[in-house]
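Read through the structure below, which is laid out as structure tokens, and then see the notes.
The values are calculated or read from the model by the stated rules, or taken from the named source; none is laboratory data. Not measured: the values here are computed from a predicted model. Cβ placement follows ideal geometry from the backbone for every residue including glycine, while neighbour counts extend to all protein chains displayed.
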Amino acid sequence: MEAIANYAFAAKAGVSSRQLCSWLQEYRSDLCKLGQKIKAKTINYLACLYLCDKQIIDVKEIYPEATKEEINDAYSLINQKLSI
């Protein structure tokens, strides 16, 4: 899975860019642990999955080609990085 442009993530998630910025600020600490730069123009895939989980967004809307195994592996990595 690859990084996705902020505007593309917002569009696929059905929210405005302003709302996405709000989420990036709200979850800043955890997103930084996942390697996401807050002012970046793209969102890395771990941050995307984290936001999907927190905001109850279907991951398949963002990454339609991702397999369940890839998604589960990524969520395991997210949990590992956030527990440190």
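Within segment 59-72, being part of a helix (DSSP H, G or I) and either surrounded by 12 or more Cβ atoms within 10 Å (Cβ to Cβ) or touching a strand residue (DSSP E or B) at 6+ places or on another chain (Cβ under 9 Å) (or both) holds for Val59, Lys60, Glu61, Ile62, Glu70, Ile71. Among the conditions (1) under 17 Å from Ile78 (Cα atoms); (2) outside any helix (DSSP H, G or I), Ala40 misses just one, which is (1). Of Leu51, Leu34, which residue is closer than 18 Å to Ser83 by Cα, in contact with a Leu (Cβ under 6 Å, 6 or more places away or on another chain) and either modelled with pLDDT of 95 or more or of a type outside the set (A, V, I, L, M) (or both)? Step by step, each of Leu51, Leu34 is checked, and only Leu34 is closer than 18 Å to Ser83 by Cα, in contact with a Leu (Cβ under 6 Å, 6 or more places away or on another chain) and either modelled with pLDDT of 95 or more or of a type outside the set (A, V, I, L, M) (or both). Here is the figure for segment 38-58: residues that are β-branched (Val, Ile, Thr) and crowded, with 20+ Cβ neighbours inside 10 Å total 1. Of the residues making up segment 17-40, those that are basic (Lys, Arg) and touching a residue at least 24 places away in the same chain (Cβ under 8 Å) number 1. Exactly one residue among Ser76, Ser83, Ser16 is at pLDDT below 95 and not aliphatic (A, V, I, L, M), and that residue is Ser83. Residues in segment 28-37 that are part of a loop (DSSP other than H, G, I, E, B) and surrounded by fewer than 19 Cβ atoms within 10 Å (Cβ to Cβ): Gly35, Lys37.
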